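Here's the structure, in structure tokens; my notes come after.
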């Protein structure tokens with residue numbers, strides 16, 4: 001702004017207040033404000049309604065589901081939920097997924113932070129190459145590796161096992177985890193670790209007792225990122241846990257399967273109950289941790 | 001203090017590196033070789049066929065259908081998502097007008113942000129099953145049920161080959177918008193408030209403010225968003241596999257390359273051919289990423 005004299009500059013706040021006051025009146029409850037709220041509310045409904053509808057449909061009968069979609073169920077009984085949990089094995093799939101994701105996320109974080117720490121803080125021949133090797137994994141679509149990956153896992157004898165899925169999840173989560181955490185470890189001050197080493201702390205102890213606690217914010221973000229990514233995986237489970245090990249399936253393939261079966265068995269309430277059983281915990285966890293989840297997921301994009 | 005450095009480095013890097021090389025790097029490298037063989041799995045030993053698979057790809061109608069769908073996805077999905085997300089992010093952060101010389105978001109912006117982001121935590125496979133019910137082609141479908149109230153004939157959202165792909169794009173946008181609202185919001189809140197104040201003082205209206213200030217200052221974030229969405233446009237596997245009629249139908253109207261890779265490999269056991277598709281997909285993704293970064297490169301605006 002070309003404000004030549006100091007008096008003009010001093011007058012700015014008052015002028016600004018006056019100018020924005022005029023504008024502000026129009027912006028609050030005016031036409032624009034109403035339109036803005038309508039647009040936002042419509043999108044919010046577009047998101048809430050399908051989820052709510054699924055939840056309500058789990059209490060409906062087949063006839064009600066295929067009738068008018070905008071009616072409430074006649075009674076709120078949890079029959080379909082019980083059916084989905086037991087007969088459609090949703091309970092089993094949920095438990096499988098919890099175990100797999102817990103172990104694979106823990107493994108990803110441990111191995112990823114170890115690799116990232118060494119790559120960020122130690123100079124040695126090959127450091128740069130190993131870092132680039134990890135990061136290059138970000139550029140490749142997983143579909144390119146699909147066929148050989150299937151045979152690698154099969155040849156090791158881990159096809160159809162949770163151990164195989166866990167190892168593959170860890171391996172495919174490493175590129176982003178290493179990329180993100182290397183940058184994070186580099187941003188931490190070096191003085192604390194140096195002081196610890198001078199006091200006779202070993203490299204390993206320095207890492208676990210000094211550096212990991214210091215890196216906590218970064219670790220939390222990337223842990224959330226990995227938990228959600230692995231929980232929502234669909235491609236790897238359907239390739240690595242084929243149809244003959246149905247008892248080992250994970251939740252996403254289980255839901256997709258009862259969706260196919262619902263057509264044959266005509267158990268639509270069961271399908272929506274199964275969906276609700278998986279979605280409701282997500283809603284609860286999301287509402288509790290929404291701030292961390294939002295920053296965890298978007299942290300990847302803000303490089 | 002120095003001694004023990006190399007054992008420590010090796011100890012920390014060995015496990016992640018071995019896991020990564022076995023499950024990620026080696027499959028990627030093998031894929032390029034398998035793509036040049038006629039490998040059909042266990043029985044026949046693979047013959048090296050050079051570029052035969054790629055020559056066949058060029059004459060494969062399904063392959064070209066999938067490529068066309070990726071082009072549509074690549075244009076429509078990022079454009080719609082970014083436009084909607086920008087609009088909402090603007091409303092949520094700055095759309096409330098300026099009170100007391102400060103730009104504010106509309107009332108309730110915290111609530112909207114939480115709701116909008118929610119689909120992001122749902123697994124794509126689960127979203128697919130959810131939208132099967134919403135898109136059902138008769139009046140029992142949620143959308144068609146609502147349309148019926150207004151006397152509109154049911155639409156075959158997924159069964160009509162002309163609109164099936166657009167129905168799937170709509171679901172992708174539905175799921176993605178919230179993420180970019182949060183991402184762009186973070187970008188907008190980093191723009192100093194006095195820039196807007198100065199513009200308001202100079203008499204800039206809302207639209208002028210958006211196109212001349214917000215948009216240019218948000219360019220870096222937009223670029224990141226565009227690359228992310230573009231890469232997502234080369235996927236679409238889980239959604240198309242779960243949601244579309246006949247997995248990619250009707251009549252290949254919605255198929256995508258990842259789905260064809262999976263189908264050729266695990267339904268038809270054409271491992272060589274599937275890998276050739278994987279290689280094609282890889283080069284498309286890389287070309288897109290490099291082109292986008294080149295074309296959208298701009299001088300960074302410092303503030």
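Every number in this text was worked out from the coordinates using simple rules, so none of it is lab data. What you see is a predicted model, and the numbers here were worked out from it, not measured in a lab. So basically every Cβ, Gly included, is an ideal-geometry build from the backbone, and we count neighbours across all protein chains shown.
Sorted on the mean count of surrounding Cβ atoms within 10 Å across their residues, most packed first, peptides B:246-255, A:60-69 read B:246-255, A:60-69. Which residues does the label zone of residue B:79 cover in the range B:135-171, counting backbone N under 18 Å from a point 7 Å along Cα→Cβ? From the range B:135-171, the list is B:163-171. Taking every residue in B:34-41 and counting other chain Cβ atoms within 10 Å of its Cβ, the average works out to 1. In chain A, helices alone account for a calculated mean residue ellipticity at 222 nm of -24500 deg cm²/dmol, with every DSSP H run of four or more residues adding -39,500 (n - 2.57). Rounded to the nearest 0.05, what FRET efficiency is calculated for residue A:292 and residue B:195 with R0 set to 30 Å and r the Cβ-Cβ distance? Efficiency computed from Cβ-Cβ geometry: 0.50.
Relative contact order of chain A, taken over Cα pairs closer than 8 Å and 6 or more residues apart, is 29 percent. Classification of chain A by its C-alpha gyration tensor yields an oblate form. The axis ratio a/c (a ≥ b ≥ c) is 1.5 or more, and b/c is at least a/b.
Only helices enter this figure: runs of n ≥ 4 DSSP H residues, each worth -39500 (n - 2.57), summed and divided by the residues of chain B, yield -20000 deg cm²/dmol at 222 nm to the nearest 500. For chain A, a Gaussian network of Cα nodes joined below 10 Å ranks A:144, A:158, A:110 by mean-square fluctuation, and the top entry is A:144.
Of A:30, A:274, A:157, the residue with the greatest mean-square motion in the GNM of chain A, using alpha carbon springs below 10 Å, is A:30. How would you classify the range A:17-150 from its alpha-carbon gyration tensor, with a ≥ b ≥ c the square roots of the eigenvalues: rounded for a/c under 1.5, else prolate if a/b is greater than b/c, otherwise oblate? Note, shape of the range A:17-150 comes out oblate. Which one, B:113, B:136, B:208, has the greatest fluctuation when you compute a Gaussian network model over chain B with C-alpha springs under 10 angstrom? Looking only at B:113, B:136, B:208, the biggest GNM fluctuation is shown by B:208. Calculated FRET efficiency, residue A:38 to residue A:192, Cβ-Cβ distance, R0 = 56 Å: about 0.60 to the nearest 0.05. If you take the alpha carbon atoms of the protein assembly as shown and fit the smallest convex hull around them, that volume is 190 Å³ per residue.
In peptide A:232-239, how many Cβ atoms from other protein chains are near each Cβ within 10 Å, on average?
5
Using a Förster distance of 45 angstrom, determine the FRET efficiency expected from the C-beta separation of residue A:260 and residue A:129, and round it to 0.05. Efficiency for this residue pair is about 0.45. The overall shape of the range A:228-275, judged from the alpha-carbon gyration tensor, is oblate: a/c is not under 1.5, and a/b is no greater than b/c.
The slack in the chain from residue A:77 to residue A:216, taken as 0.36 nm per residue of separation less the alpha-carbon distance, amounts to 45.6 nm.
In peptide A:33-44, how many Cβ atoms from other protein chains are near each Cβ within 10 Å, on average?
5
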